[in-house]
1. Just to be sure before I move on: is residue 712 charged (D, E, K, R) and touching a helix residue (DSSP H, G or I) at 6+ places or on another chain (Cβ under 9 Å) in the structure I sent?
2. What number of residues within region 225-274 are farther than 30 Å from residue 141 by Cα and either in a helix (DSSP H, G or I) or more than 16 Å from the ligand (Cβ to nearest atom) (or both)?
3. Check off (1) buried (at least 16 other Cβ atoms within 10 Å of the Cβ); (2) more than 15 Å from the ligand (Cβ to nearest atom); (3) of a type outside the set (A, V, I, L, M, F, W, C) for residue 397 and give me the number that stays unchecked.
4. For the subset of region 104-122 comprising residues that are more than 25 Å from residue 19 (Cα to Cα) and among the small types (Gly, Ala, Ser), which member is farthest from the ligand (Cβ to nearest atom)?
5. Could you give every pair whose Cβ atoms fall below 7 Å, whose first residue belongs to region 693-705 and is of a type in the set (Ser, Thr, Tyr), and whose second residue is not in a helix (DSSP H, G or I), counting only separations of at least 6 or pairs across chains?
6. Just to verify a result, which residue in region 123-168, among those that are assigned to a loop (DSSP other than H, G, I, E, B) and within 15 Å of the ligand (Cβ to nearest atom), is farthest from residue 581 (Cα to Cα)?
7. Looking only at region 670-680, filter to residues that are in a helix (DSSP H, G or I) and surrounded by fewer than 24 Cβ atoms within 10 Å (Cβ to Cβ); which one of those is farthest from the ligand (Cβ to nearest atom)?
8. Go through region 304-323 and give me each residue that's surrounded by fewer than 17 Cβ atoms within 10 Å (Cβ to Cβ) and within 16 Å of the ligand (Cβ to nearest atom).
Amino acid sequence: VDLDDLTLPEPTPEQFRRSLLHHLQYTVGTDPEHASKFDWRMALSYTIRDRALEPWFDATRRTWNEDRKRVYYLSMEFLIGRLLEDATINLGLRDVAVEVFDRLGLDFADIADDEPDAALGNGGLGRLAACYLESMATLGCPAYGYGIRYEHGLFKQRFEGGRQVEAPEDWLVTDNPWSFTRPESAYPVGFRGEVVEQDGRQIWTPQLQVLAEAHDTPVVGYGRQWANTLRLWAAKPSADLFDLERFNAGDFTAAAEPEAWARTLSRVLYPNDTTSRGKELRLSQEYFLTSASVQDIVRRYLETHDDLRRLPEYVAIQMNDTHPAIAGPELIRLLVDDHGFGFDAAVDLSTQVLGYTNHTLLPEALEHWSVGLMRKVLPRHLQIIEQLDRRDAELHGPRPEGVGLIGDDQVRMGDLAFVTSHKINGVSALHTDLVRRDLFPALDSLHPDRIVNVTNGVTPRRWIALANPPLAQLLTDTLGSGWETDLERLKGLEDHIDDPAFREAFGATKRQAKERLSGWLADHHGIEVPTDALYDVQVKRLHEYKRQLMNILWTIAHWQRIKRDPGAGWVPRVKIFGGKAAPSYVMAKDIIRLINDVAAVVNADPETRDLLQVVYPANYNVSMAEKLIPAADLSEQISTAGMEASGTGNMKFALNGALTIGTLDGANVEIREHVGADNFFLFGLTADEVTARRNEPDHARTAIEKSQAMRDVLQAIAEGTFSPDEPNRYGAILDMIWNSDWFLVASDFDSYDETQQAVDRTYLDHERWQRMALLNVARTGYFSSDRSVREYMSRIWNITPAL
Ligand code: 26V
């Protein structure tokens, strides 16, 4: 077949239109007179997808022909959001598409807005995986993302009486036009059963077996030079799972049980919840992803190579946190049990191939599985882990207390990931230091070159070009095109900072974003907000360490002050919150309810209405972020120092010209270094001071007693100002803050308060604020995920890009 015959030329508007109408008729099965928004979106998606196939095939062929090393990014989460507009931009088709829809009397943006988010992730870790996939495609780094095709992504959030209520998410109920099912690429994955020794070899006979079926989505890089594959596994019962004997005996329900169990594996994404700890299904999901992916990787390698000893020259596997950390034992198992390797050789080989990224130090998020559960679900892997542990003990002599892969009857997945990886990385400079010092001190001194830092980054295609078209246009007008793939060019904006007309144009981009947001809030949430106020935004998962509580307490203090002196020249503010709480996280849910209760009271207060509003649109997700972030003046990055590994929202806000109010935590530290201390609102204790403060008895009570503002706020809550029908509603929060306050809300409150007042003063000096905001955009090009991915390529993967 001459494939060149099939190649699509760069479309003129007329060709694009024909293609669109062709798909509307022949793929969607309708005509322009009857087409719904959904129909148009499908026709458009197929039209765009057609154009993705050429770079996709080209890249795949080139990688094969040139026998290139490939990266495999294993992640339980890919929080991609919508694909249509992103693909359209990366293929260079946005202008054509907008024009064609215009001429049809339709609005491209309105149609793109119909797409459901692919919410296959909880938050930072999953969104980072999505940014890295996009950057790898843009840079021409041959790569596969491997994940699970969850039938239900992260739950949907709504509020009832201010309380979070969860509902299942259903993105696959309507067709997914982006993915290609590959029934021929299906792998068996076994669970449970027994291991027996035969002629000195271990034979594992699983009791259950499911099939992992591949669903591939092309990931097109910017400039359509390259595309990679996101391969998501769906769990299917394997033919012998259906119990025919029971069926024939008339026990239909029992006969279908194993089949139902199989499908459960890719049914639903776990929210990052304490209740998921120790759950057999979660461990099984992790093994399902890992085993299918490792089998696929080895199969692909063996198609063109015969010597597995050279695997590290062609394969780099990156583990996104410890969730796929069973990859080490799995690869060792395949090498030893199926390919006749000795144990030590298999371990060496696996270690050269694997890398592990740590994303958190929070004790409750560090995975460990009980030895009993591991033995039940993955008996052969437990043997290998025990053997690894013995080998390590022999190699390195007696180990200090608490060191080792197994302890307290638990398999420690972080230690396992460490010893089976050649590189371990943290996600910001501060976090990497803490990973060395607090998480793996013993392993770090045994392997001093293993821990490296790769500071996170975000893709400027989605987070500027897609989310903020007016700013993108200004960047192109000022710097020429090219900033999209060379974000350090933003530095060039500094040359224009003394030009009042340019500052005015920059200010206009922010105003447009605020107008767009306020229109959306009015249309979709029935909330009216002024566009000339300071937009102060905190959007992220709810967690005590992120301190949404401190933010809402300060909001109360601010409201009380305005009421005491309404004429004091206040800066009008809109306080915007967004984010979900894990369903079983009671304190986080209490905080959500408090925010909503405060919003109800404050927004109804005629004395303060024009000066302060609190809004909390439900169901924060990637597409809501795309609307909120460009409109923000102030970015709240206020975690207790030492607890936020990096943050990536912080980067998106700065790149969109918001100023940060933040602690010295995660990547805030590096953002402040880049933008300059004068252009960042710093407050709060440092990580070391946090550790010291926690050891001071009664630190919370002491801090509260020193702070009049804090006492007034707590008293108002205690009196039921925000819950008049139930004054004691926030008893648990009050008790926590007076008596334990692990996250040091009280200790940091006054510092936060003073800094918020400095924010107000600065905002009143319009020119000064504009200059600071501009410098934030100009100096944060470093936080492009292209830079991060290049660092992974050179420091960890040892791979050179194909472009
Ligand atoms: C833990 C668990 C536990 C069991 C069930 C499901 C689940 C899902 C996720 C997690 C850990 C999440 C860790 C995480 O998201 N870390 C964030 O990673 C970002 C990217 O590196 C970073 O910017 C954030 O600071 C960090 O909190």
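1. Here the answer is yes, as residue 712 does meet what is asked.
2. 30
3. It is condition (1) that residue 397 fails.
4. Once the filter is applied, the top-ranked residue is 118.
5. Correct list of pairs: empty, since none qualify.
6. Result: 150.
7. So the residue we want is 678.
8. Within region 304-323, the subset surrounded by fewer than 17 Cβ atoms within 10 Å (Cβ to Cβ) is 304-307, 309-310, 313.
Selection gives nothing.
The values are calculated or read from the model by the stated rules, or taken from the named source; none is laboratory data. As the structure is a computational prediction, the values presented were derived from the model and not from experiment. All Cβ positions, glycine included, derive from the backbone under ideal geometry; neighbour counts span all protein chains shown.
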